[in-house]
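Visitor: This is the structure I have questions about; it appears just below.
Please treat every number below as a calculation from the coordinates, not as lab data. Keep in mind it's a predicted model, so treat the numbers as computed, not measured. Using ideal geometry, Cβ is built from the backbone for each residue, glycine included, and neighbour counts are taken over all protein chains shown.
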Amino acid sequence: MARLLIAALLGGLVHYLWGTLSWTVLPFHTMTMNQAPDEAGLSAALAALPESGVYYIPGMPHDHATGAATPEQVEAWAARHRAGPLASIYLRLEGAQPMSPRVFAVGFLLSASSAFLVALILKAAAIATYRLRAAIGALIGVFLAIQADLMLWNYMFFPLDHTLAMMLDAVAGWTLAGLAIAAVMRPARPVPPLA
């Protein structure tokens, strides 16, 4: 168990440090995030929404009680969807302190928790070679990039440049964390390497 915890802390730290570097020093995230020309006007429009939550424009029609929509409502929505614009809005009306210590602490805990899961996978797999153990971390990053970022690109029409930046972040972060985790998670007993 001690080895799992060490791997989780070390892998989590590496992943966390990569995230800090990728978001604060390297330009590939900021290059894909635009600023609205009339931010004050847009903020006022968003403040008029009834509550914090996720909004999609155009919103799919449905009756909150039954979930049903008439064929006419669906066709009108589809026409607006085809015409655009499309937007996914993740709204928090009450605001938040930027870059608060809580955000960073939770970020580290999430990275360490994820690294713990990677360490569990490596423990269960009992892979003898460091290279193959480290490759698992990279493959987990690829899996995450496909399942999260490419899915959002496909279904929610996220911009491709932003999607690629997020994918690069996931793959690089888990490749680096995987290198650290693999160094700690050596099999307890020698296991013959895979052919």
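Visitor: Could you compute how fast the stretch 109-195 diffuses translationally, taking Rh as the Kirkwood radius over C-alpha pairs and applying Stokes-Einstein at 37 °C with viscosity 0.692 mPa s? Give it in µm² per second.
Guide: Here the translational diffusion coefficient equals 240 µm²/s.
Visitor: If you put +1 on each Lys and Arg Cβ and -1 on each Asp and Glu Cβ, how big is the dipole of the chain around its Cα centre, in Debye rounded to 20?
Guide: My answer is approximately 1280 debye.
Visitor: Now for a separate question. Name the residue from Trp174, Ser100, Met156 whose Cα lies farthest towards the positive end of the charge dipole of the chain, charges +1 on Cβ of Lys and Arg and -1 on Cβ of Asp and Glu.
Guide: Trp174
Visitor: How long are the semi-axes of the equivalent ellipsoid of the chain, taking √(5λ) for every eigenvalue λ of the Cα gyration tensor, in whole Å from largest down?
Guide: Whole-Å semi-axes of the equivalent ellipsoid: 41, 21, 16.
Visitor: So, R0 is 35 Å and r is the distance between the beta-carbons of Glu72 and Thr32; what FRET efficiency does that work out to, to 0.05?
Guide: The value I calculate is 0.40.
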